[in-house]
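Everything below concerns the one structure shown next.
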Amino acid sequence: MSETHVIQMPLFKRVYKKLHPKKKWIIDNIIQKIIDNPTVGNIKKGELSDIFVYKFKKIKHPLFFVKNCP
């Protein structure tokens, strides 16, 4: 089984740090769902066909989790 690396972008880190604990819990569950099933979400087309995008709208602003599945 291969190792999974989760990388947070700087903007996400700053916003995540300021979130209410309940919203952090929701986001943590979504990240775990993506780690458990890397093919969840919509696959991009064309040159970006290795990229999956998971759209999430349970908090005030929509979040997009992007992952690369080689």
Single residue of region 29-70 satisfying the filter (modelled with pLDDT under 75 and part of a loop (DSSP other than H, G, I, E, B)) that is surrounded by the most Cβ atoms within 10 Å (Cβ to Cβ):
Ile59
Residues located in region 1-28, provided they are outside any loop (DSSP other than H, G, I, E, B) and within 15 Å of the chain's Cα centre (by Cα)
Pro10, Leu11, Phe12, Lys13, Val15, Tyr16, Lys23, Lys24, Trp25, Ile26, Ile27, Asp28
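The values are calculated or read from the model by the stated rules, or taken from the named source; none is laboratory data. Computed from a prediction, not measured in an experiment: that's the story for all the values here. All Cβ positions, glycine included, derive from the backbone under ideal geometry; neighbour counts span all protein chains shown.
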